[in-house]
Structures are given as C-alpha cells and as structure tokens.
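Any read-out appearing in this document is the output of simple, stated calculations on the displayed coordinates, not a laboratory observation. Being a predicted model, the structure only gives us computed values, none of them experimental. In this analysis, Cβ positions are derived from the backbone assuming ideal geometry, glycine residues included, and neighbour counts consider all displayed protein chains.
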Amino acid sequence: MEAALPRKIIHIDMDCFYAAIEERENPALRGKPLAVGGSQRRGVLTTANYEARKYGCRSAMPVFKALELCPQLILVPVRFDLYRAESNRIRAIFGRFTDLIEPLSLDEAYLDVSHLKTRGAAIAREIRAQIREETGLTASAGIAENKLIAKIASDWNKPDGQYEVTKDQSAEFMATLPVGRLWGVGRKMREKLSPLGVETCADLQKIDRLELAKRFGKWGLELWELSRGIDHSPVRPNRIRKSLSSENTFSENILTLDALIPPLRAMVEGLAEDLAFSHSDRVIRSLVVKLKFSDFERTTAERAHSTLEPAIFEELAAEAWRRGNNRPVRLIGAGVRFGDPQESQQMEFFTEVD
C-alpha cells in the first residue's frame with residue numbers, strides 16, 4: 001500500500017481586494033485613504049485599503065465612525081459585478097495548478113497542490129506572479145501542511161508576500177503564536193484564558209485536554225487540537241453546504257437595535273455576493289439571524305423564504321433582539337439555509353441568463 005503524499009496546502013488571500021480593484025480602475029486613488037461601500041453616513045464599510053486602516057478604518061465599521069477617524073476618507077460604491085469578474089479570472093489561474101480549490105469568498109481560497117513535485121512555496125510564488133501580471137493585483141499566501149496553519153501564515157507577510165511553515169517548523173510556529181490568532185478565539189475567550197496564564201499556544205498546550213473539556217466543553221477539545229496546529233480537514237472543491245452565513249463579533253457591545261442594522265446590512269450584501277459567486281445553483285429554504293448577548297447566551301430567528309430579502313433579515317433581527325430583553329449584543333450572524341441539492345434540479349433559481 002502506497003504511503004499518502006505529504007500535504008501541501010496553499011491559502012491565497014488577495015490584498016484589500018475590492019479597494020485594490022478600485023485603485024487599479026482609477027489610479028488617482030492610489031496612496032489615498034479609500035473605502036468601498038457605505039455611500040451614506042448610516043451605511044457601513046465593505047472594506048478599506050491599507051492607508052485607511054492606518055487610521056483605524058475597517059470592514060463593517062459605520063461610515064460616520066470611519067469619517068470621524070479619517071475625515072479625508074474617500075468612499076466609492078460597491079461594484080460586485082466587477083469584483084466577481086476579477087475573482088473568476090483569479091480562480092482560472094488557480095485551475096492551472098490544481099483542481100482541488102476551495103473558495104472561501106471572492107478574495108480567498110485554499111488550494112491543495114500535494115500532487116505536484118514542486119515545493120509549495122515555489123508554486124505559491126508563481127501563482128502570485130501570474131495574478132499580478134494578468135490582473136494588476138497583489139495576493140498574499142500561506143503554505144503549510146494543513147488549512148489551519150496555511151491560513152494563519154497567509155497573514156504573516158501581508159501585503160504582497162508569502163510565508164511557508166514546513167512540517168518540521170509547525171510545532172515551533174504554533175508554540176509562539178498568540179492564542180488570539182486561532183479560529184474562534186476572540187476578545188472574550190482571551191479574557192477567559194488569561195487568568196489561566198494563557199497568552200500563547202504554548203501556554204494553552206500546558207493545560208490537560210480533560211481540563212480544557214471540563215472548562216469549555218467540546219470547544220475545549222477543539223482548542224487542544226488548534227493550539228497544536230492539528231487540522232486534518234481536506235480541501236473540499238465540491239462540498240455540499242447546508243447553509244451559508246457570516247458573523248460579526250463587535251469590539252464593543254451593541255446597546256440598541258438601531259445600531260445592529262448597519263452591520264447586518266453589510267453582512268446581507270456579503271451573502272448576496274457569495275451566493276452569486278459560488279452557490280447560484282442552490283435553492284434557499286430559509287433566512288436566519290443569530291444574536292449572541294453579553295452573557296454569551298444566544299438566540300436564532302428563522303423564517304422560510306426563497307430569496308435574499310434585506311427587510312426580512314431586519315425583521316428577524318428585531319425578533320431576536322426582543323428575546324434578549326434589552327441585553328447588550330456582542331455578536332450578530334446572518335445566513336441562509338439551503339434546500340436539498342435535488343431541489344435545485346426541480347426548482348428554478350431566481351437568476352437571469354443573458
């Protein structure tokens with residue numbers, strides 16, 4: 001029986017994708033603080049370029065807040081058709097190297113290149129070079145033996161850089177990593193871990209697996225594996241998803257329903273983008289809004305509906321908010337549940353073919 005090939009996983013992440021496209025289309029914007037989305041003061045930013053980030057501007061931030069931080073911020077409207085077209089061009093470049101491509105969004109994807117003899121770092125470098133040459137855009141990459149480490153590594157030398165973590169380097173790389181870089185470890189979780197003396201993954205590795213399970217349940221067992229860089233999940237190019245969603249954990253708790261609406265609208269826009277890009281053949285069964293309150297209790301409001309209707313998402317958010325009895329909200333999520341794949345063959349999805 002042949003031994004399995006050592007895995008070579010690349011995570012490609014485009015640099016400020018939407019903003020970079022706008023700068024390419026209008027070179028006069030280069031070098032200036034720029035944000036995409038949020039044409040009105042009550043709207044939210046979809047993304048911000050690196051110049052704007054220096055002032056603290058970021059995605060999902062309300063426009064009025066961004067303008068307070070950076071009065072000279074330039075706002076441009078979202079052009080999803082253009083971004084999707086560029087994403088398709090980049091996806092075609094990926095396809096020259098492997099069929100095992102798992103898109104996460106328009107601007108990032110996992111690639112499994114284990115079947116190629118060339119080193120993963122060299123492959124990533126060539127992919128990034130072709131993207132730059134053919135689109136004028138830059139990408140960053142992480143290369144590792146699994147998806148977890150590759151995704152963390154892709155952020156290491158941003159923008160327009162890459163970082164490889166070999167199998168022999170994985171243990172040391174994870175040991176020095178702040179726990180906040182792990183999936184699912186946000187501010188509140190860091191606050192729970194800090195009294196235990198946990199600041200890095202090495203600190204977390206010192207805690208017995210059963211002790212983590214006792215303190216945090218199933219999530220504790222996941223933390224035990226994550227802190228060691230353990231991730232056996234494959235790159236899934238054709239996985240059948242039962243749902244599609246996004247979440248936003250706030251740096252400060254939200255105190256009113258009105259303040260929840262702008263980030264919710266931004267998430268619905270993102271859902272529309274992702275649906276059009278990679279799930280346009282799926283039948284939507286229902287719309288879902290999730291809230292997590294300051295005491296970590298959560299509630300989910302759901303309604304059967306076959307199209308992405310922003311007004312319904314807002315009604316669901318209001319329903320979930322009422323259940324909280326005015327408790328502050330630390331996280332909001334929005335998503336859709338899909339029907340069975342067979343339904344896609346029996347029902348016509350609401351798209352037009354030119």
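Which of VAL235, PHE216, SER251 sits closest to the plus end of the dipole of segment 216-263, meaning its Cα is farthest towards the positive end, when Lys and Arg get +1 and Asp and Glu get -1 on the C-beta? So the residue furthest toward the plus end is VAL235.
Restricting to segment 1-164, compute how many DSSP beta bridges are antiparallel as a %, nearest 5. Walk me through the numbers on the way to the answer.
Working: 18 of 24 bridges.
The answer is about 75 percent antiparallel.
Using θ = phi - 60° in the Karplus curve 6.51 cos²θ - 1.76 cosθ + 1.60, the 3J(HN,Hα) couplings for segment 8-15 round to 10, 10, 10, 10, 9, 10, 5, 8 Hz; x is entered for Gly and Pro. For ALA109, the residues whose modelled amide H falls within less than 5 Å of its own, excluding neighbours fewer than 5 places apart on the same chain, are ILE12, LEU104. Going through the cross-link list LYS192/LYS218; LYS158/LYS242; LYS151/LYS292, which pairs have a Cα-Cα distance over 22 Å in this structure? Beyond 22 Å: LYS158/LYS242; LYS151/LYS292.
Using only side-chain charges placed at the Cβ, +1 for Lys and Arg and -1 for Asp and Glu, the dipole size of segment 71-220 relative to its Cα centre rounds to 420 debye. Taking amide H as placed 1.01 Å from N in the peptide plane, the amide H of HIS305 sits under 5 Å from that of SER286, LEU287, each at least 5 places away or on another chain. Sequence-ordered 3J(HN,Hα) estimates for segment 250-255 from the Karplus curve with 6.51, -1.76 and 1.60 and θ = phi - 60° stand at 7, 5, 10, 4, 8, 9 Hz, glycine and proline given as x.
For THR200, the residues whose modelled amide H falls within less than 5 Å of its own, excluding neighbours fewer than 5 places apart on the same chain, are VAL179.
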